[in-house]
Structure formats: C-alpha cells, structure tokens
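Everything below concerns the one structure shown next.
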Amino acid sequence: MEGNGLFILAVLIAYFLGNISPSTLIARAHGMDIKKEGSGNAGTTNTLRVLGVRAALVTLLVDIGKGSLAVALGGFLAGHQAAMVCVLAAFLGHIWPVLLKFQGGKGVAVAFGGLLALNWQMALLSLAIVIITVLITRRVSFGSILAGLTFPIECWFMERDFFWLGLVMAALLLFKHRSNIVRLIRGEEDPISVSWLGKK
C-alpha cells in the first residue's frame, strides 16, 4: 500500500480505536447505561461517580492506552504527520463514536494518551496543569478546561507543526465542556466527593 493509502488507513484505525468505550462496556456489565447515570458522560469522572475507583481506573487506562496506540500505529504506518492527525482522529472517535451512535465522552484521557505518544513532554505539562488545578479547586472539569485553554500555547512552543490541529482539539474540548463551564460560572459544579472513592 502506497503512502497515501497508509496515511488514510492509519487515520481510520485511530478513529475506530477512539470508538472503544470502556466506561460503556463496564456499565453494561453492571446492568446500566452510563449515559443515563450521574452526569451522563462516558468518561473517567462519571465512571468514578457511578461505579467507583476500580471501574474508573480501568476506564482511564484504556482511554489513555487507545490514544497512545492510535498515534504510535499512525507513526509506524505513515510517519510523524500521520501520527499528528491520528491524535485528532482518536479524539474525534472518542467524543463522536459512530459505533455508539455518536454518543461518546469528552476526550480528555484519550487526548492525553495521544499526546504521550506524540510529545510526552507536552502531555506531562498538560497533566500537571490538570492535577494542580483539580487539587486547588476540587473540580475535575476546571482542570480539563484550563488545560484546553492553555493547550494551543503549549503546541506553539513545543510542537508547532501540531498547532492548528491542537487548536481544533482545544476548541472541541471546550465545546464538550460547555455545560460544565455554565455550572462553574453559576457556582453549581460539584466538587470531587470522598463518597465516590468508597465505591468498589
């Protein structure tokens, strides 16, 4: 298969890897629909809220892993340019998965996984921003939103060829967090609760 074909194949694989939703599968195994529980988001935070620490940890690791795998495969099959596009493709596959009727999560963990494979220094800087913000505010969404706002700046200085793709990802991440932004402005966003950690 020639270069363009491998590029397209890599992007398609990345998108469909993004479709894998561990939180949805784990919730189904417990007889529930994660989209109808808690905040209704198929991501780590809502899985922690609804199903507890173990389920949330599995969700987090799988989402990070699928992002990293998508980008690593993209780089292997078609080079660095493909790897960059695969970050976005896996992200889009997670937030709008065709296999799940386009009802996915918000993409933070899969974006982090993709960045780990593309530029680990930038990934760790974004992670540090999230962790510090969450520790200060006790709002996971606030950490994700701030990381999204600062991400294009990181791209400009640390992976400039990724800037425009990163700008698109940041805009989509903020769009997916629009309800959280409204609740934060109104002071209605729930903080992390110790009760979530008691669930197994």
Extension gain, Val98 back to Ile136 (0.36 nm per residue minus Cα-Cα distance, nm): 10.0 nm
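Once a ≥ b ≥ c are taken as the square roots of the eigenvalues of the Cα gyration tensor of region 75-123, is the result rounded (a/c under 1.5), prolate (a/b larger than b/c) or oblate (a/b not larger than b/c)? Present the calculation step by step, with values, prior to reporting the outcome.
Working: a/c = 3.71, a/b = 1.57, b/c = 2.36.
Because a/c hits 1.5 or more and a/b fails to exceed b/c, region 75-123 counts as oblate.
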The chain: most fluctuating residue of Val168, Val130, Val11 per GNM, C-alpha cutoff 10 Å: Val168
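I need the peptides 58-69, 134-145, 107-118 ranked by packing, meaning the mean over residues of other C-beta atoms within 10 angstrom, with the highest value on top.
Working: 58-69: 22.1, 134-145: 18.7, 107-118: 26.8.
Final packing ranking: 107-118, 58-69, 134-145.
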Virtual spin-label span in nm between Ile181 and Trp164, 7 Å along Cα→Cβ: 2.3
GNM top mover of Gly148, Gly74, Gly187 - the chain, alpha-carbon springs below 10 Å: Gly187
Rg to Rh quotient for region 74-171, alpha carbon positions, Kirkwood Rh: 0.98
Options Asn41, Ala72, Phe91, ranked by Cα towards positive dipole end of the chain, top entry (Cβ charges): Asn41
Binned Cα-Cα distance frequencies in the chain - 10 Å width, integer %: 10, 36, 36, 15, 3, 0
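What number, rounded to the nearest 500 deg cm²/dmol, is the helix-based mean residue ellipticity at 222 nm of the chain, given -39500 (n - 2.57) per DSSP H run of at least four residues and division by all its residues?
When only DSSP H runs of four or more count, the value is -24000 deg cm²/dmol.
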Residue-span extension gain [Leu6 to Leu149] - 0.36 nm each, minus C-alpha spacing: 48.2 nm
Stretch in the chain that is longest and holds no GluC sites (Glu not before Pro) that DSSP places in a loop and that have at most 12 other beta carbons within 10 Å: 3-187
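Would you please classify the overall shape of region 1-84 from the alpha carbon gyration tensor, given that a ≥ b ≥ c denote the square roots of the eigenvalues, rounded means a/c under 1.5, and beyond that prolate means a/b larger than b/c while oblate covers the rest? Provide the component values of the computation, followed by the final result.
Values: a/c = 3.73, a/b = 2.80, b/c = 1.33.
Verdict is prolate for region 1-84.
A short reminder: the numbers here are calculations on the coordinates, not readings from a lab. Keep in mind the model is a prediction, meaning the values are calculated, not measured. When we count neighbours, we look across all protein chains shown, and the Cβ atoms used for this are built from the backbone with ideal geometry, even at glycine.
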